[in-house]
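The values are calculated or read from the model by the stated rules, or taken from the named source; none is laboratory data. Everything numeric in this text was worked out from a predicted model, so none of it was measured. Virtual Cβ from ideal backbone geometry, glycine too; neighbours counted across all protein chains shown. Side chains are part of the model used for accessible areas, which takes the heavy atoms of the whole protein and leaves out ligands, DNA and RNA. Shrake-Rupley method; radii C 1.70, N 1.55, O 1.52, S 1.80 Å.
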Amino acid sequence: MDEINALKEITQEIALMALSKAGFFKVAEFHGGTALRILHGVQRFSEDLDFALIKPMSDFDLMHYLTYMHNDFEAYGYKVQMADRKDASKIVQKQFLKVDSLGKELSLMYPQNKSERRIKIKIELDTNPPAGAKMELQYLTFPLAFSVLAKDLPSSFAGKLHAILCRPFDKGRDWYDFIWYISNRVPVNFDLLSNALEQQGPWAGSMLKADKHWLADNLRRKVLRLKWSELVQDIMPLLQANEQQALETWDEAFFLHLISKGLEA
């Protein structure tokens with residue numbers, strides 16, 4: 001599993017390099033779990049590449065940039081198939097794909113031991129992102145030196161909190177990331193969180209202005225409804241063996257403690 005996850009990460013970095021060469025990060029930014037892993041060293045693997053436009057654009061042509069990605073993948077020995085997630089899968093809405101976003105699924109085949117191995121990467125681009133995000137330029141050196149535009153950590157934390165509170169299902173990887181943000185004392189971009197809550201989810205249209213107290217109260221309510229065995233099962237395959245033992249601490253008391261110390265201190 002570690003080998004498969006490492007190969008996925010190499011493939012993700014080739015994809016980011018190709019998008020950077022194509023000028024994608026002049027109009028869009030990189031965020032989500034894979035951004036945390038690749039840019040900030042979070043110790044969990046991630047499967048998807050999540051992006052958002054810097055400015056809303058309903059007619060954005062994602063395929064223009066994916067053509068560059070296709071060519072670079074072929075140069076590295078991959079065979080590429082591409083499918084629209086909205087057409088290719090009936091579970092797109094379960095994956096929390098926004099109505100005003102573009103989704104693609106890349107199926108990549110590469111030679112290994114006289115046979116072919118397949119990797120799938122899901123790409124999501126939010127074409128109507130909530131206002132208030134702050135961004136910064138980050139640099140990577142594999143497979144070649146290149147730059148990507150990404151949300152800063154307080155904005156990234158706000159996006160993760162919106163997912164935790166508004167996703168129609170619970171994911172262990174969200175709560176793993178929550179621990180990382182709290183442990184690293186990352187503040188929350190409340191402007192972005194409020195705008196995201198206004199745009200999508202159960203608080204949409206309520207003109208809510210989120211603050212620390214509101215956030216802590218609603219996270220507590222969420223924690224009290226969580227099924228810990230399901231969360232652990234979700235995150236386990238994305239962690240290396242030495243990280244998995246820490247999952248034994250995952251329970252109601254642990255996360256209530258984190259909320260109290262991390263958000264209300």
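What number of residues within the stretch 202-225 satisfy the criterion of being surrounded by 18 or more Cβ atoms within 10 Å (Cβ to Cβ) and in a loop (DSSP other than H, G, I, E, B)?
2
Show the residue pairs that are 6+ apart or on different chains and have beta-carbon atoms under 7 Å apart, the first residue being within the stretch 125-136 and without any contact (Cβ under 8 Å) to a residue 24 or more places away in the chain and of a type outside the set (Lys, Arg), the second being part of a strand (DSSP E or B) and surrounded by 21 or more Cβ atoms within 10 Å (Cβ to Cβ).
GLU136/ALA150
Filter the stretch 126-140 for residues that are open to solvent by 50 Å² or more (accessible area, probe 1.4 Å) and out of contact with any helix residue (DSSP H, G or I) (no Cβ under 7 Å at 6 or more places or on another chain); which is farthest from SER58 (Cα to Cα)?
So, considering only residues that are open to solvent by 50 Å² or more (accessible area, probe 1.4 Å) and out of contact with any helix residue (DSSP H, G or I) (no Cβ under 7 Å at 6 or more places or on another chain), the one farthest from SER58 (Cα to Cα) is TYR139.
Exactly one of (1) over 23 Å from LEU19 (Cβ atoms); (2) crowded, with 16+ Cβ neighbours inside 10 Å is unmet by PRO111. Its number?
Tallying (1) over 23 Å from LEU19 (Cβ atoms); (2) crowded, with 16+ Cβ neighbours inside 10 Å, PRO111 fails exactly one: (2).
Can you go through ALA216, ALA163 and tell me which one is over 21 Å from the mean Cα position of the chain (by Cα) and in contact (Cβ under 8 Å) with a residue 24 or more places away in the chain?
Working: ALA163 fails: over 21 Å from the mean Cα position of the chain (by Cα).
Among ALA216, ALA163, only ALA216 is over 21 Å from the mean Cα position of the chain (by Cα) and in contact (Cβ under 8 Å) with a residue 24 or more places away in the chain.
Considering only the stretch 116-138, state which residues are in contact with a Ser or Thr (Cβ under 8 Å, 6 or more places away or on another chain), within 21 Å of GLY103 (Cα to Cα) and part of a strand (DSSP E or B).
Residues satisfying the conditions are ARG118, ILE119, LYS120, ILE121, GLU124, LEU125, ASP126.
Check whether at least one residue in the stretch 253-263 is without any contact (Cβ under 8 Å) to a residue 24 or more places away in the chain, in a loop (DSSP other than H, G, I, E, B) and open to solvent by 60 Å² or more (accessible area, probe 1.4 Å), and report yes or no.
No, because not a single residue in the stretch 253-263 is without any contact (Cβ under 8 Å) to a residue 24 or more places away in the chain, in a loop (DSSP other than H, G, I, E, B) and open to solvent by 60 Å² or more (accessible area, probe 1.4 Å).
Does the stretch 23-57 hold any residues that are part of a strand (DSSP E or B) and either crowded, with 20+ Cβ neighbours inside 10 Å or within 9 Å of the chain's Cα centre (by Cα) (or both), and which are they?
Answer for the stretch 23-57, where residues must be part of a strand (DSSP E or B) and either crowded, with 20+ Cβ neighbours inside 10 Å or within 9 Å of the chain's Cα centre (by Cα) (or both): ALA28, GLU29, PHE30, HIS31, ASP48, LEU49, ASP50, PHE51, ALA52.
Would you be able to tell me the number of residues in the stretch 180-201 that are outside any loop (DSSP other than H, G, I, E, B), open to solvent by 30 Å² or more (accessible area, probe 1.4 Å) and out of contact with any Asp or Glu (no Cβ under 7 Å at 6 or more places or on another chain)?
6
Please tell me if THR11 is modelled with pLDDT under 95, surrounded by 18 or more Cβ atoms within 10 Å (Cβ to Cβ) and either β-branched (Val, Ile, Thr) or farther than 14 Å from LYS122 by Cβ (or both).
Yes; evaluated as a whole, the condition is true for this residue.
Among MET1, MET82, MET17, which is the only one that is open to solvent by 60 Å² or more (accessible area, probe 1.4 Å) and either in contact (Cβ under 8 Å) with a residue 60 or more places away in the chain or closer than 22 Å to ASN128 by Cβ (or both)?
Being open to solvent by 60 Å² or more (accessible area, probe 1.4 Å) and either in contact (Cβ under 8 Å) with a residue 60 or more places away in the chain or closer than 22 Å to ASN128 by Cβ (or both) holds for just one of MET1, MET82, MET17, which is MET1.
Being of a type in the set (S, T, N, Q) and either within 18 Å of LEU258 (Cβ to Cβ) or open to solvent by less than 90 Å² (accessible area, probe 1.4 Å) (or both) is the filter here; which residues of the stretch 230-240 pass it?
GLN240 - this is the single residue of the stretch 230-240 that is of a type in the set (S, T, N, Q) and either within 18 Å of LEU258 (Cβ to Cβ) or open to solvent by less than 90 Å² (accessible area, probe 1.4 Å) (or both).
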